[in-house]
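Structure first, commentary second.
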Amino acid sequence: MTNSLPAMDRSHTARVSRSGDTCAQNLCVANFYKNKTVFITGATGFMGKVLMEKLLRSCPGIKKCYTLVRPKKNQTPQERMESVIKSKLYDKLRESMPDLRERIVAVCGDILEPHLGLSSEDEAMVVADTNVVFHSAATVKFDEELKLSIQMNVLGVRRMIELSRKMTNLEALVHVSTAYANCDKMSVKEMVYEPPLHPNKIIDAVEWMDKDSIQALTSKLIGSRPNTYTYTKAMAEYLLVEEGVGLPIAIVRPSIVGASWEEPMPGWVDNMNGPTGLLAAIGKGLLFVMHGNVGCTADVIPVDTATNAMIAVAWYTAVERPKDVLVYNCTSGQINRLTWGTWQASLKEIFLNYPYHNIARVPNPQFTLNIFWRDTVWFFYQLMPAYIMDFYLRITGQKPMFVRIQDRLSKAVTTLEYFTSNEWHFHNDNIFMLLSKMSEEDKRTFCFDPRNIDWKKYMLNYCLGVKQFVLKEDMAELPQARRALLRLQRIQILLKVITGVVIWRLLVKRVPVFHSLWNLLLSWVLFLFVKVPHVARSS
């Protein structure tokens, strides 16, 4: 395939903007958003919730936030947004902004539908009013079926472009991708790479091929990429640039998005995706071992850091109007490095000091590159105990659940092990360029500089956030959890001693070598406690 996007590989200095250094430092970020209307897709998702809260709290002059929301589980879009507004995340905002509910307008739609599923009335309203678009709606399941992943992550982008072209007042369209869209490359620049297959071809294929046929071809299509998520996100970037010519587009690529660093509260998280699910499983004593390299970078980025970057990127795109689509690798690995080894050590310390309630066993996470060791530990420390616990539940008339949990955990861990076992170098030139264009006040208000993150403190807040916001555990009951952990530690020590004695005795009886060693050990003990005292008395 010939490269139809020659401008995308230019040097940073050649593509920053039309106006050089005339970036409006006189127009701060909050003032830019004054009387502006933003349109957000994915507003009920993890990043979307944080983005909207931050926009309204730090840019109080915003006129309106239109949110694309589909009906779900007998809830209307308005009811779904109301549940978001009532969440703990919005506690501060509800107090400071009495007209909050009037500022947020839930629009019924679906990125899987033509025209995003908007009614003609809603489309006319959105098209007439919108100034800034944040497109973050996507399937984040790594192992999603390719057909659905293409429909959501690629076709959804095309529909967003079509709608944006109708917006007469559009100043910026920020697309949320992922730093791992090009994980088949170990060094990832802030540019859009040409995919191995043109998006139009795969879109045409999914329209006429049945699900089973596509599923059979999936591994061949995605090639060296580990999953359909990274494959379709790369496709979406290319489609966005090719079909969005003339639109004020920017692409933000966060790495592994974790709990909040500071805003609106430290450690806020509300789902079990990605590392959060691992923390919950480790803290509960359900996960002990993963395939991973303790020396590799754990490129985690707090959700508030990523959303602050998105807000600033939209500001810069609208004010400076760069000639080309700028890509921003919103990552931490090359700026403030955290390794999986540090992650492992931190979790051991944290979970022994701040244990979760009703833990199955003492938390002790390990990353290993030895597949045989990982499978052995998994079988003896996770799967076997799960069967034993389920057997106990059955004989006591309860519903078994531990084997099912381990099966689900195994699938989740397998999808993440590619990222814990490899390392990438993400270039961050545009991130630093953006920081250089911001005032000191804006850098503090919309902080997305990873150098400010204290990883030890962040990890503690993250684990406590999972405890409070995801597992819904009361911090006031921490003393009881600590007592339960102490009892469990004593029980495990006792079981290890008993197991060791039993194994040793069996080996002594059945294996001549161990029998000889046992006799030698006894002879040493007799020598120490009989001969030595006798010699001492004689002298």
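The values are calculated or read from the model by the stated rules, or taken from the named source; none is laboratory data. Keep in mind it's a predicted model, so treat the numbers as computed, not measured. Note that each Cβ is placed from the backbone with ideal geometry, even for glycine, and that neighbours are counted across all protein chains shown. The protein model used for the area step is the full one, side chains on, heavy atoms only, and it has no ligands, DNA or RNA in it. Shrake-Rupley method; radii C 1.70, N 1.55, O 1.52, S 1.80 Å.
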Exactly one of (1) at pLDDT below 90; (2) under 18 Å from the mean Cα position of the chain (by Cα); (3) of a type in the set (A, V, I, L, M, F, W, C) is unmet by I388. Its number? (2)
Of the residues in segment 272-291, how many are within 14 Å of Q406 (Cα to Cα) and part of a strand (DSSP E or B)? 2
Name every residue in segment 26-85 that is touching a residue at least 12 places away in the same chain (Cβ under 8 Å) and of a type in the set (S, T, Y), in order of residue number. Y33, T37, T41, T44, S58, Y66, T67, T76
It is to be established whether one or more residues within segment 298-316 are within 18 Å of I251 (Cβ to Cβ) and charged (D, E, K, R). yes
Subset of segment 119-130 [open to solvent by less than 20 Å² (accessible area, probe 1.4 Å) and assigned to a loop (DSSP other than H, G, I, E, B)]: T130
So for segment 359-367 (the condition being under 19 Å from I256 (Cβ atoms) and surrounded by fewer than 17 Cβ atoms within 10 Å (Cβ to Cβ)), does at least one residue qualify? no
Count of segment 131-160 residues which are open to solvent by less than 10 Å² (accessible area, probe 1.4 Å) and over 17 Å from I214 (Cβ atoms): 7
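Scanning segment 50-103 for residues that are among the β-branched types (V, I, T) and out of contact with any Lys or Arg (no Cβ under 8 Å at 6 or more places or on another chain), which turns out nearest to N271 (Cα to Cα)?
Step one: of segment 50-103, the residues among the β-branched types (V, I, T) are 50, 62, 67, 69, 76, 84-85.
Still in the running and out of contact with any Lys or Arg (no Cβ under 8 Å at 6 or more places or on another chain): 50, 67, 76.
Details: V50: 13, T67: 20, T76: 21 Å.
Here the residue is V50.
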Given the conditions (1) at positive phi; (2) open to solvent by 80 Å² or more (accessible area, probe 1.4 Å), every one holds for G397 apart from (2)
Go through (1) within 27 Å of H425 (Cβ to Cβ); (2) without any contact (Cβ under 8 Å) to a residue 12 or more places away in the chain and name the single condition Y316 misses. (2)
For segment 161-193, which residues satisfy the criterion of being under 17 Å from A250 (Cα atoms) and surrounded by fewer than 16 Cβ atoms within 10 Å (Cβ to Cβ)? E162, R165, N169
Collect the residues in segment 320-357 that are open to solvent by 40 Å² or more (accessible area, probe 1.4 Å) and closer than 30 Å to V245 by Cα, keeping them in residue-number order. R321, K323
When segment 72-86 is checked residue by residue, the ones that are surrounded by 15 or more Cβ atoms within 10 Å (Cβ to Cβ) and either under 23 Å from N153 (Cα atoms) or among the hydroxyl-bearing types (S, T, Y) (or both) are P77, R80, M81
Somewhere in segment 92-99, is a residue under 23 Å from V257 (Cα atoms), open to solvent by less than 60 Å² (accessible area, probe 1.4 Å) and not in a helix (DSSP H, G or I)? no
Residue in segment 353-368 that is more than 22 Å from R408 (Cβ to Cβ) and part of a helix (DSSP H, G or I) present: yes
Check on V16, among the aliphatic types (A, V, I, L, M), surrounded by 14 or more Cβ atoms within 10 Å (Cβ to Cβ) and at pLDDT 80 or above: no
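Each row is one residue, and each column tells you yes or no for (1) within 15 Å of F142 (Cα to Cα); (2) of a type outside the set (S, T, N, Q).
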{"site": "H175", "(1), (2)": "no, yes"}
{"site": "A181", "(1), (2)": "yes, yes"}
{"site": "K185", "(1), (2)": "no, yes"}
{"site": "T230", "(1), (2)": "yes, no"}
{"site": "E237", "(1), (2)": "no, yes"}
In segment 46-71, residues that are out of contact with any Cys (no Cβ under 8 Å at 6 or more places or on another chain), open to solvent by less than 30 Å² (accessible area, probe 1.4 Å) and under 23 Å from H115 (Cα atoms) total 5
Look at G283 and say whether it is out of contact with any Gly (no Cβ under 8 Å at 6 or more places or on another chain), open to solvent by less than 30 Å² (accessible area, probe 1.4 Å) and small (G, A, S). yes
Those residues that are touching a Ser or Thr at 6+ places or on another chain (Cβ under 9 Å), in a helix (DSSP H, G or I) and of a type outside the set (A, V, I, L, M, F, W, C), I need them from segment 29-64; list them, please. G48, K49, E53, K54, R57, S58
Take segment 469-485 and flag every residue that is under 18 Å from the mean Cα position of the chain (by Cα) and more than 13 Å from F351 (Cβ to Cβ). F469, V470
Inside segment 292-321, the number of residues satisfying the requirement of being farther than 30 Å from E473 by Cβ and not in a loop (DSSP other than H, G, I, E, B) is 13
